[in-house]
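Here's the structure, in structure tokens; my notes come after.
The values are calculated or read from the model by the stated rules, or taken from the named source; none is laboratory data. All values derive from a computational prediction rather than experimental measurement. Positions of Cβ are backbone-derived with ideal geometry, glycine not excepted, and every protein chain shown enters the neighbour counts. Remember, those area values only see protein heavy atoms, side chains included, never the ligands or the DNA or RNA. Shrake-Rupley method; radii C 1.70, N 1.55, O 1.52, S 1.80 Å.
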Amino acid sequence: MSPRPLAARRQLPESAADANDFADALLAGLRSDPKQVPCKYFYDADGSHLFEEICALPEYYPSRTELGLLRRHAAEIARLIGPDVGVIEFGAGSSDKIRVLLDALRPRAYLPVDISGPYLRSIAAQLRSDYPELAVHPIVADFTQPLSWQPFTRGKRAGFFPGSTIGNFEPEEARAFLARTAKLLKGSGLLIGVDLVKDPVTLHAAYNDRAGVTAEFTLNMLERFNRELGADFDLAAFRHRARYNPMAGRIETHLVSLREQEVRIDGQRFPFAVDEPTLVEYSCKYSVPEFVRLAVRAGWRSARIWTDAERRFSIHFLTDAG
Ligand code: AVI
């Protein structure tokens, strides 16, 4: 029996990334040399929950360091952003960080933008019940792409982009994203978390935790392709590999094929050699001056920077360069 067309067989992902884009991105990525798949496909409901688990791991310092910085400087942050704003958050991760900001800032509205619809709705429901005064308007969209939506909030806006998710863009894409947000947030500011360059041992541990949650998170992408696109990846035949590349200043995460094998997707065959890596994520690290230069090139002004005592993580408040 010939395989049914992909569009008929696959279960549509409930997310901003249209099912065809999702399939096309995977097929194009597996045809390219070297193979690569965009890291945004980590975040189905299971992937989002696994990422929450990563954030609580002892080795994964970025989340708790950033949360500590937000708590310590919440009053000053709220003063700098000012009253009566609509906060647009790019990506809705664990709600701990936004809660610190909401408590200090008491904004008029909260607009989380995320690719995963179900996850976004569950976060929005929790916040509506805990902050009854707050207008919560979730936006299911892929913020890595040029903006196809207009935030539906009047008056002053502020952007919030925590977690060093900016590090998942390559520097030129990061500049383009910052330039788009500078236009969207004209006249206001962007609060953004940026992980700092540091010793490779700490970085390596953060992406290779002993409990294996990060490996599970990486492999979940293949499970998602099997479930939603009818692929036949054998999860036991791939392993997670995350290494720090000191020249590029980034963690490079790959799925490595453990044997010579063929994977079928939509009737097409994709050969994998033994040890062949598929790139699934960059996590770029910046020094403070490097990030400031990038933001300024994108049309922002650096208004304030906070770092922890060990200089592991930074939070930047960027304002309109005018
Ligand atoms: C979401 N992003 C900033 C995380 C990072 O550190 O690059 C995703 C992650 N991947 C593995 N661990 C965490």
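The rows are residues; the columns are (1) in contact with a strand residue (DSSP E or B) (Cβ under 7 Å, 6 or more places away or on another chain); (2) within 26 Å of residue 51 (Cα to Cα).
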site	(1), (2)
65	yes, yes
68	no, yes
71	no, yes
76	no, no
85	yes, no
89	yes, yes
93	no, yes
98	yes, yes
101	yes, yes
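Taking each residue of segment 166-178 that is more than 13 Å from the ligand (Cβ to nearest atom) and looking for partners that are open to solvent by 60 Å² or more (accessible area, probe 1.4 Å) with beta-carbon atoms closer than 9 Å, six or more apart or interchain, yields 171/290; 175/297; 176/146; 178/297. Of the residues making up segment 50-71, those that are free of Cβ contacts under 8 Å to residues at least 12 places away in the same chain and either assigned to a helix (DSSP H, G or I) or surrounded by 16 or more Cβ atoms within 10 Å (Cβ to Cβ) (or both) number 1.
Conditions (1) in the same structural domain as residue 192 (by TED's automatic domain parsing); (2) closer than 24 Å to residue 167 by Cα, marked per residue:
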| residue | (1), (2) |
| --- | --- |
| 241 | no, yes |
| 259 | no, no |
| 277 | no, yes |
| 280 | no, yes |
| 289 | yes, yes |
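Hey, any hits in segment 153-163 for a residue that's within 12 Å of the ligand (Cβ to nearest atom), closer than 30 Å to residue 272 by Cα and touching a residue at least 24 places away in the same chain (Cβ under 8 Å)? No: zero hits.
Scanning segment 93-118 for residues that are touching a Ser or Thr at 6+ places or on another chain (Cβ under 7 Å) and open to solvent by less than 10 Å² (accessible area, probe 1.4 Å) yields 109, 111, 116, 117.
Taking the numbered list (1) at pLDDT 95 or above; (2) within 20 Å of residue 173 (Cα to Cα) in turn, residue 320 passes all entries but (1).
What number of residues in segment 196-241 are in contact (Cβ under 8 Å) with a residue 40 or more places away in the chain, among the aliphatic types (A, V, I, L, M) and within 16 Å of the ligand (Cβ to nearest atom)? Final tally of qualifying residues: 8. Can you pull out the residues in segment 119-130 that are touching a residue at least 12 places away in the same chain (Cβ under 8 Å) and either open to solvent by less than 20 Å² (accessible area, probe 1.4 Å) or in contact with a strand residue (DSSP E or B) (Cβ under 8 Å, 6 or more places away or on another chain) (or both)? Listed by number, the residues that qualify are 119, 120, 123, 124, 127. Checking each residue in segment 90-143 for being of a type in the set (Gly, Ala, Ser) and within 16 Å of the ligand (Cβ to nearest atom) picks out 91, 92, 93, 94, 95, 116.
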